[in-house]
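Chemist: Take a look at the following structure, please.
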Amino acid sequence: MTAVTDHMTVPGAAPQRKTPKGTFDIVFRNASFLSALFVLVLLAGIMLSMVIGGWPAFREMGIGFITSSVWDTQNDQYGAWPAIVGTLSTAFLALVIGVPLSLGIAVYLTQLAPPWFKQPVSTAIELLAAVPSIIYGMWGLFVFVPLFAAYVQIPLSNIVEGLPIVGTVLYSRSPSGLGILTAGIILAFMIIPFIASITRDMLDQIPSVLRESAYGIGATTWEVVRHVLVPQAGVSIIGAIMLGLGRALGETMAVTFVVGNANRLSASIMDPGSTIASRIANEFNEAMGLQLNALIALGCILFFVTFVVLVIARILVSRVKAY
Amino acid sequence: MRNILILAAATIGLSGVAQAADITGAGATFPFPIYAKWAEAYKKETNIGLNYQSIGSGGGIRQIKAKTVAFGATDAPLKGEDLTKDGLIQFPTVMGGVVPAINVAGVEAGKLKLTGPIIAGIYMGEIKKWNDPKIVALNAGVTLPDANINPVYRSDGSGTTYVFTDYLSKVSADWKSKVGANQSVQWAVGIGGKGNEGVSASVKQVANSIGYVEYAYAKQNKLNFALIQNADGNYPAPDDKAFQAAAANANWNEAPGFGISLNNQKGAEAWPITAATFLLVHAKPEKPEEVQAALKFVDWAFKNGDKLALDLDYVPLPAGVKDQVRNAWKGVTDPAGKPIF
């Protein structure tokens, strides 16, 4: 009690305490700067070691490393094209399936759901986000794949057989349940929690006065969502989608389980394929010599693809902001 | 918190003690269960532990070349020139077989008969249906469905794939010229599963599929399997006896470092897809005492480990081969040129 009074009554105390506080401030500032610097150094280190590790493959194959579809470990010929296509197509399918569902979840939860329903669904989404990817992979292989083969692939192949375009894209030569589309669906399940929960938080932050005035002038729910909420939260929604896309591009374990791991290019999304990450996971253990370099070079390409996606996201975000 | 610190300190202390005597090794995943079992029993007797990292054959070869371990382990044997180049000595430890696991509705276990060329045809996409005339002709009395065959292969590089493709190269000239034998090859058709467990899961999940797995894996997972015609024209059931029969007729000195293939060996009861797994040590190790400890461990396993191997569905080497291996160890010397075993 006396100590408090002392502090309050001695007028010189405040300026005296300024000095130690200032020292701490400098330390704090430098410490946080070092933390930020650490990220850059780490990133540069990873990038450098991947470029050095992958360089022999780029040198041997040249541009063919990206454009060639041959992955022949016996003759040391490596081409990344099927893996690049597989990575992009599974991620794209994941977005096509996942984004509308996520936005639907977010809009329903923030605008339409009764409170007793909102809480359990929100918790469920957060739980889904915490499920490890290997669980998605195992669930995909043991539960989803047989059902998908029996109730989607086989009937669908029978329907589309011989038709133009869909007869190629959706036809499965051997309906095993594993394939590019299966991987896309599992990935969609994995990114929905991210996109949905971020979008929900963003929609929640929009001042309710905006929404209420829109309703006040007679707008329907759809119109409020379309013309008030989406423009307000647009930037953050794109950010959330890009975060999900980043996860879909790099996801390894779940995809390895269900993609079918075929180093071939196929016109059908029902056929097995592979992604960059799944191929690295499959072959890294036993890789030697140039194959190891090729795998590291694959990692380099994945790094680059993810980087390009992030840059595009930034550009999109800044454009939306400009409006 | 204090407890955790004490525990951590104790663990560090323990591992410090253990490391001084531990044998270090790394490599193939296929023999890992039996090496672990042998190591457990060996530690009870001698108090010397084994620190074996099952990182895959490729990793094992890398590690022994880099001299970070006392021995490397590989399923696919190194060639003579590679052994000389790196100054390595190679020898087999234990054997196993590869069986074709199948999932075909209406076919009972061990009832389906196949030949090597038919399996090659299936994996090259030339034989597409289970009721292909070639398969039907071999299997009178077995109802085969009019369904597409889903071939399953190992998507990771693996000694199992090497053994399987080496066998197909031996029985099918077409396979040899188009695909060849390696730890991973270019598959024309089919789906890939990661590891023995990935292949067996895919075979179980996917109807009308065929895959290849280690015998121990097929047995423990109760997978249905097909019989394969051997070099003598018989269809033996895959078991310890059939694998040993394959080893009995082999000439182990045909290739340097015992690096022969046991595939498609003569013998009425010989299982056609059989292989040994190998260890690699440096012929002139920098730390001879470490390699000496490793060789003593293998010698102990040769003397006392056969029952443990059979329990885990591995096949021990014939006694004559073990003696030949011990003889080969005379090539491992200390810096003074004196054999360490």
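Chemist: Evaluate the relative contact order of the range A:202-323 (contact order divided by residue number), counting alpha-carbon pairs under 8 angstrom at least 6 apart; express in whole percent.
Modeler: On the way: 81 pairs, mean separation 29.2, N = 122.
Relative contact order here is 24 percent.
Chemist: Ok, one more. Kindly report the accessible area of the range B:120-166 per residue (heavy atoms of protein chains, probe 1.4 Å, no ligands, DNA or RNA), in Å².
Modeler: 35 Å²
Chemist: Could you list, bin by bin from short to long, the percent of Cα-Cα pairs of the range A:154-195 in 5 Å steps?
Modeler: Reading upward from the zero bin: 6, 22, 22, 18, 14, 10, 7, 2.
Chemist: Once you list every other residue whose beta carbon is under 12 Å from the beta carbon of A:F257, what net charge do they have if Lys and Arg are +1 and Asp and Glu are -1?
Modeler: Once all neighbours under 12 Å are counted, the net charge is -1.
Chemist: Restricting things to Cα coordinates, could you compute the convex hull volume per residue of chain B in Å³?
Modeler: So the per-residue hull volume is 150 Å³.
Chemist: Please give the charge dipole size of the range A:18-153, origin at the Cα centre, charges +1 on K and R Cβ atoms and -1 on D and E Cβ atoms. Round to the nearest 20 debye.
Modeler: Using Cβ point charges on Lys, Arg, Asp and Glu, the range A:18-153 gives about 660 debye.
Chemist: Using the Cα centre of chain B as the reference point, and only Cβ charges (+1 on K/R, -1 on D/E), how large is the resulting charge dipole? Debye, rounded to the nearest 20. Display every interim value, and only then the final one.
Modeler: On the way: 33 positive and 30 negative charges, 55 e Å.
So the dipole magnitude of chain B works out to roughly 260 debye.
Chemist: Over the range A:115-180, what number does the Rg to Rh ratio reach, with both radii from the alpha-carbon atoms and Rh per Kirkwood?
Modeler: Values: Rg = 17.1 Å, Rh = 14.2 Å.
Here the Rg-to-Rh quotient is 1.20.
Chemist: Restricting to chain B, what percent of DSSP beta bridges are antiparallel, rounded to 5?
Modeler: 60 percent
Chemist: Which whole-Hz ³J(HN,Hα) couplings does the range B:174-183 yield from phi under the Karplus relation 6.51 cos²θ - 1.76 cosθ + 1.60, θ = phi - 60°, glycine and proline marked x?
Modeler: Those phi angles translate into 4, 5, 4, 7, 8, 10, x, 10, 6, 5 Hz.
Chemist: For peptide A:65-76, what's the mean number of Cβ atoms from other chains within 10 Å of each residue's Cβ?
Modeler: What the average comes to for A:65-76 is 2.
Chemist: Step by step: find N for the range B:130-236, compute 2.2 N^0.38 Å, then divide the Cα radius of gyration by it. What's the final number?
Modeler: Its radius of gyration relative to the 2.2 N^0.38 Å reference: 1.09.
Chemist: What does the structure give for A:173-185 when I average, per residue, the other chain Cβ atoms found within 10 Å of the residue Cβ?
Modeler: Taking the mean over all residues of the peptide, I get 4.
Chemist: Among rounded, prolate and oblate, which fits the protein assembly as shown when a ≥ b ≥ c are the square roots of the eigenvalues of its C-alpha gyration tensor, a/c under 1.5 means rounded, and a/b larger than b/c means prolate?
Modeler: Verdict is oblate for the protein assembly as shown.
Chemist: Let me ask something else about it. Run the helix sum for chain A: -39,500 (n - 2.57) per DSSP H stretch of 4+ residues, divided by residue count, reported at 222 nm to the nearest 500 deg cm²/dmol.
Modeler: -23500 deg cm²/dmol
Chemist: Turning to a different aspect of this structure: For the range A:248-255, just list the computed ³J(HN,Hα) in residue order, Karplus coefficients 6.51, -1.76 and 1.60, θ = phi - 60°, integers in Hz, with x standing in for Gly and Pro.
Modeler: Ordered by residue, 3J(HN,Hα) equals 5, 5, x, 4, 10, 5, 4, 5 Hz.
Chemist: Here's a follow-up. With Kirkwood's inverse mean 1/r over C-alpha pairs for Rh, give me the Rg to Rh ratio of the range A:45-201, two decimals please.
Modeler: On the way: Rg = 20.3 Å, Rh = 18.8 Å.
Ratio of gyration radius to Kirkwood radius: 1.08.
Chemist: What whole number of Å gives the distance from the Cα centroid of the range B:73-94 to the Cα centroid of the range A:144-199?
Modeler: Cα centroid of the range A:144-199 versus Cα centroid of the range B:73-94: 45 Å apart.
Chemist: Defining a contact as two alpha carbons under 8 Å apart and six or more residues distant in sequence, what relative contact order in percent does chain B show? Please list the in-between numbers first.
Modeler: Numbers: 690 pairs, mean separation 78.3, N = 341.
Contact order relative to length: 23 percent.
Chemist: Using +1 on the beta carbon of Lys and Arg, -1 on that of Asp and Glu, and nothing else charged, what's the dipole of the range B:42-176 about the Cα centre, debye to 20?
Modeler: 220 debye
Chemist: Counting only residues 5 or more places away or on other chains, whose amide H sits under 5 Å from the amide H of B:N150 once H atoms are built in the peptide plane?
Modeler: B:S209, B:I210
Chemist: Further question on the same structure: Please list A:R314, A:R211, B:R62 from largest to smallest accessible area, probe radius 1.4 Å, with all protein chains kept in place. Intermediate values should be presented prior to the final figure.
Modeler: Values: A:R314 185, A:R211 60, B:R62 85 Å².
If we order A:R314, A:R211, B:R62 from most to least accessible, we get A:R314, B:R62, A:R211.
Chemist: Could I ask something else about it? Based on the mean of other Cβ atoms within 10 Å per residue, sort peptides B:231-237, A:79-85 so the most packed one is first.
Modeler: A:79-85, B:231-237
Chemist: Turning to a different aspect of this structure: Semi-axes of chain A's equivalent ellipsoid from the Cα gyration tensor, sqrt of 5 times each eigenvalue, largest first, rounded to whole Å?
Modeler: Semi-axes from the Cα gyration tensor: 44, 33, 18 Å.
Chemist: For a quick check: with amide H placed at 1.01 Å from N, whose amide H comes under 5 Å from A:W71's, ignoring anything fewer than 5 positions away on the same chain?
Modeler: A:G79
Chemist: Given the peptides B:257-263, A:228-234, A:204-210, arrange them by the average over their residues of other C-beta atoms within 10 Å, most packed first.
Modeler: Answer by packing, highest mean first, reads B:257-263, A:228-234, A:204-210.
Chemist: Given a 1.4 Å probe and every protein chain left where it sits, what share in percent of the accessible area of chain B is carbon and sulfur?
Modeler: It is 54 percent, rounded to a whole number.
Chemist: Before we go on, tell me the buried accessible area for the A/B pair, both chains summed, 1.4 Å probe, in Å² to the nearest 100.
Modeler: Working: alone 18520 and 15450 Å², together 31580 Å².
Rounded to the nearest hundred, the buried surface is 2400 Å².
Chemist: In chain A, if the dipole is taken from +1 on Lys/Arg beta carbons and -1 on Asp/Glu beta carbons about the Cα centre, which of A:S278, A:M61, A:V305 is farthest to the positive end?
Modeler: Farthest along the dipole direction, towards plus: A:V305.
Chemist: Now for a separate question. Considering only DSSP beta bridges with both partners in the protein assembly as shown, what is the antiparallel share in %, to the nearest 5?
Modeler: 65 percent
Chemist: Quantify how strongly other chains surround peptide A:142-151 by giving the mean number of their Cβ atoms within 10 Å of each of its Cβ atoms.
Modeler: The per-residue average across the peptide is 2.
Chemist: Could you work out the relative contact order of chain A, using alpha carbon pairs under 8 angstrom and six or more residues apart, expressed as a whole percent? Don't jump to the answer; show the numbers that get you there.
Modeler: Details: 398 pairs, mean separation 84.2, N = 323.
Relative CO of chain A lands at 26 percent.
Chemist: Of the listed peptides B:98-108, B:81-91, what is their order by residue-averaged count of other C-beta atoms within 10 Å, with the highest listed first?
Modeler: B:98-108, B:81-91
Chemist: With the alpha-carbon atoms as the only input, what is the per residue convex hull volume for the range B:17-133 in Å³?
Modeler: 172 Å³
Chemist: Projected area of the range A:175-280, taken from the Cα convex hull and averaged over every viewing direction, in nm²?
Modeler: Working: hull surface 33.5 nm².
Convex hull of Cα atoms, orientation-averaged projection: 8.4 nm².
Chemist: Could you tell me whether the range B:226-290 comes out rounded, prolate or oblate from its Cα gyration tensor? Rule is a ≥ b ≥ c as square roots of the eigenvalues, rounded for a/c under 1.5, then prolate if a/b exceeds b/c, otherwise oblate.
Modeler: prolate
Chemist: Residue by residue through the range B:324-331, what is 3J(HN,Hα) from phi via Karplus (6.51 cos²θ - 1.76 cosθ + 1.60, θ = phi - 60°)? Round to whole Hz and write x for glycine and proline.
Modeler: Ordered by residue, 3J(HN,Hα) equals 4, 5, 4, 5, 5, 5, 4, x Hz.
Chemist: Using the Cα atoms of the range A:15-130 to build a convex hull, what is its mean projected area in square nanometres? It would help to have the intermediate numbers written out before the result.
Modeler: Working: hull surface 60.9 nm².
For the range A:15-130, averaging the hull's shadow over all directions gives 15.2 nm².
Chemist: Right, next: Taking amide H atoms as placed 1.01 Å from N in the peptide plane, list the residues 5 or more away in sequence, or in a different chain, whose amide H sits under 5 Å from that of B:L114.
Modeler: B:L227, B:I228, B:Q229
The values are calculated or read from the model by the stated rules, or taken from the named source; none is laboratory data. Treat the numbers as computed from the prediction; the structure is a model and nothing was measured. When we count neighbours, we look across all protein chains shown, and the Cβ atoms used for this are built from the backbone with ideal geometry, even at glycine. Surface areas here come from the heavy atoms of the whole protein model, side chains and all, with no ligands, DNA or RNA. Shrake-Rupley method; radii C 1.70, N 1.55, O 1.52, S 1.80 Å.
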